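Inspection log for the structure reproduced underneath, given as structure tokens.
The values are calculated or read from the model by the stated rules, or taken from the named source; none is laboratory data. Nothing here was measured: the structure is a model prediction, and the numbers come from that model. Because the Cβ atoms are built from the backbone with ideal geometry, glycine has one as well, and the counts that use them run over all protein chains shown.
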Amino acid sequence: MKAEVMTGRKAPSWRMQAFGWISAAMLGLALNVAQTEQAGASGAPDSFADLAQMVSPAVVNITTTTVIAAPADGGPIVPKGSPFEDFFKDFGLPDGPSERGPRRSNALGSGFVISEDGYIVTNNHVIEGADEISIEFFSGATLDAELVGTDPKTDIALLKVKSDTPLPHVSFGNSDVTRVGDWVLAMGNPLGQGFSVSAGIVSARNRELSGTYDDFIQTDAAINRGNSGGPLFNMDGEVIGVNTAILSPNGGSIGIGFSMASNVVSKVVAQLQEFGQTRRGWLGVRIQDVTPDVAEAMGLAKAAGALVTEVPDGPAKDGGLESGDVIISFDGADVADTRELVRRVADAEVGRAVPVVILRNGDSQTLMVTLGRREEAESVPSAATPGAEEPPAQQDLLGMTLGVLGSDDRDRLGLSSDTEGLIIAAIDQSSDAFGKGLRADDVITEAGQQKVASIADLQARIDEAKDAGRETLLLLIRREGEPRFVALAVNE
């Protein structure tokens, strides 16, 4: 029997054919398994119904009542039967003497129960200024709530209700393990329509809006007015965020919502539960990020850490920190930037001594700093005292017209009498200084991490930088009393 010839090649034997069929079958099976695993990892759930049914009893609607005092002049008065009477009523305005008393205003929001004994989490802006707070549960029952504590910095509030029976509740999950693309479920009371569920994915993480301690999860799950304070669940039924804000040109959901991450919220809630207020750690320094040009000017290997711009009286000063130090580690964890340092310090225990690793003049040092409490430090106002000094002649350097800071300058800028430095009288808009954001009336207090009290001091620092082969010089600038470092090119 002759072998069949196909396309110029010898036909495979039966053994080779059998091996080919087996190999193809195994390959097909492997592809199917891989596709199934991939679908299981990234595909949408068949339904969110079981999850919604499980967590709904712990989600609540919140109604607040605020008594608004009558205007001092009693408000508008129109005659009965006047065509303006209906106009004022339509807009909720008093139309006569009988309606000029205090008025009650209602607002709606959402929240969720975190313990069977009745602790409830919501947004601070939901209950701020409220005289009465009413909680409506999924069952339809209502209870009055008392305010335990608030934290405006993270927009979180903790409430408490008294119940004769244990309440259904949910727990916080670990928001740090949440990944972009994970499915999430948002629940709440959008636009006052009652209990509502929406699903979406995590669109982004670590979003910062305006707060110092912001760590928002961005989601495309529909969030509208009234959803504020409601929970964002993962697929295990754990709360990974508190729905707080939306980005929208019209006030409605366009798929850009923000939930404060649970790992921030849970710490705040624990402190409110224990103390009725927050107790954040305080290091007592002013800081800025280490940019690449600042790193080059300081001779640092990489642009990382938090650069100390000022050390007022407080824990850091007592611990030995100085202006110009770069904090690279706090309490055993590396510090990437100022935002990370602020959050780590805030989470640290008040009154505890923590190791702070710094770079100073190129050398690494470890300092022990006993943390204060930020809330106490922020309640102490800072004062500036005027002084007296004579302003000398001006000179042009690095694209700036500079003069020595005088008493009139200190008075005008609100600087203390012991502030020394050079004031920028004018600036060339084509200069590197202008491009880096420097402006007239900014004050240069240090150059090359050394104080400057005269133009000659600055010129000496410029010459030293050039002699050392550096392309930039690090300046410490004060604007309206706030310090920051700027690295300027010295070869202009």
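Descriptive notes on the structure:
- Screening segment 291-309 for residues that are assigned to a helix (DSSP H, G or I) and touching a strand residue (DSSP E or B) at 6+ places or on another chain (Cβ under 8 Å) and picking the one that is surrounded by the fewest Cβ atoms within 10 Å (Cβ to Cβ) gives Glu296.
Rundown of residues vs (1) closer than 22 Å to Leu473 by Cβ; (2) touching a residue at least 24 places away in the same chain (Cβ under 8 Å); (3) surrounded by fewer than 17 Cβ atoms within 10 Å (Cβ to Cβ), yes/no style:
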position: Leu272; (1), (2), (3): no, yes, no
position: Gln277; (1), (2), (3): no, yes, yes
position: Leu283; (1), (2), (3): no, yes, no
position: Val311; (1), (2), (3): yes, yes, no
position: Lys317; (1), (2), (3): no, yes, yes
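- For the criterion of being touching a strand residue (DSSP E or B) at 6+ places or on another chain (Cβ under 9 Å), surrounded by fewer than 24 Cβ atoms within 10 Å (Cβ to Cβ) and not assigned by TED's automatic domain parsing to the domain that holds Arg352, Gln288 fails.
- Selection status of Val265, touching a helix residue (DSSP H, G or I) at 6+ places or on another chain (Cβ under 8 Å), buried (at least 21 other Cβ atoms within 10 Å of the Cβ) and either hydroxyl-bearing (Ser, Thr, Tyr) or not assigned by TED's automatic domain parsing to the domain that holds Lys466 (or both): no
- From the list Thr122, Thr150, Thr154, the one residue that fits, being assigned to a loop (DSSP other than H, G, I, E, B) and within 25 Å of the chain's Cα centre (by Cα), is Thr154.
Here is a yes/no grid of residues against (1) modelled with pLDDT of 95 or more; (2) in contact with a Gly (Cβ under 8 Å, 6 or more places away or on another chain); (3) part of a helix (DSSP H, G or I):
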position	(1), (2), (3)
Asp176	no, no, yes
Leu191	no, yes, yes
Ile201	yes, yes, no
Tyr213	no, no, no
Asn227	no, yes, no
Val242	yes, yes, no
Ser253	no, no, no
Val265	yes, yes, yes
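- Conditions (1) at pLDDT 95 or above; (2) part of a helix (DSSP H, G or I): number failed by Gly111: (2)
- Residue ranges of strands (runs of 3 or more DSSP E) in segment 434-492 with at least 3 members of a type outside the set (Ser, Thr, Tyr) and touching a helix residue (DSSP H, G or I) at 6+ places or on another chain (Cβ under 6 Å): 482-489
- For Glu132: the one exception among (1) among the charged types (D, E, K, R); (2) outside the structural domain of Ser196 (by TED's automatic domain parsing); (3) surrounded by 15 or more Cβ atoms within 10 Å (Cβ to Cβ): (3)
- Filter result for the condition that a residue is closer than 29 Å to Leu300 by Cα, surrounded by fewer than 20 Cβ atoms within 10 Å (Cβ to Cβ), in contact (Cβ under 8 Å) with a residue 12 or more places away in the chain and touching a strand residue (DSSP E or B) at 6+ places or on another chain (Cβ under 7 Å), over Glu482, Glu464, Glu471: Glu471
- If you check Val161, Val148 for being at pLDDT 95 or above, under 30 Å from Pro57 (Cβ atoms) and buried (at least 20 other Cβ atoms within 10 Å of the Cβ), only one passes: Val161.
- Odd one out for Asn189 among (1) crowded, with 24+ Cβ neighbours inside 10 Å; (2) outside the structural domain of Arg225 (by TED's automatic domain parsing): (2)
- Check on Asp215, touching a residue at least 24 places away in the same chain (Cβ under 8 Å), among the acidic types (Asp, Glu) and more than 29 Å from Glu375 (Cα to Cα): no
- Candidates Gly314, Gly319 - the one that is farther than 22 Å from Thr445 by Cα, of a type outside the set (D, E, K, R) and out of contact with any Cys (no Cβ under 7 Å at 6 or more places or on another chain): Gly319
- All positions within segment 436-452 that are out of contact with any Gly (no Cβ under 7 Å at 6 or more places or on another chain), over 20 Å from Asn361 (Cβ atoms) and not acidic (Asp, Glu): Lys436, Gly437, Leu438, Arg439, Ala440
- Filter result for Val311 (of a type in the set (A, V, I, L, M, F, W, C) and farther than 18 Å from Arg484 by Cβ): no
- Which numbered condition Gln394 fails, given (1) surrounded by fewer than 20 Cβ atoms within 10 Å (Cβ to Cβ); (2) under 21 Å from Val308 (Cα atoms); (3) modelled with pLDDT of 80 or more; (4) touching a Ser or Thr at 6+ places or on another chain (Cβ under 8 Å): (2)
- Given (1) more than 30 Å from Asp117 (Cβ to Cβ); (2) within 19 Å of the chain's Cα centre (by Cα); (3) of a type outside the set (Val, Ile, Thr); (4) in a helix (DSSP H, G or I), number of the condition Gln288 does not satisfy: (4)
- Looking at Ile127, Ile217, Ile133, Ile156, just one residue is in contact with a helix residue (DSSP H, G or I) (Cβ under 7 Å, 6 or more places away or on another chain), aliphatic (A, V, I, L, M) and over 19 Å from Phe233 (Cβ atoms), and that residue is Ile133.
- Segment 447-460, residues that are buried (at least 20 other Cβ atoms within 10 Å of the Cβ) and under 15 Å from Met298 (Cα atoms): Ala447, Gly448
- Yes/no for Asn224 being more than 17 Å from Val55 (Cα to Cα) and buried (at least 20 other Cβ atoms within 10 Å of the Cβ): yes
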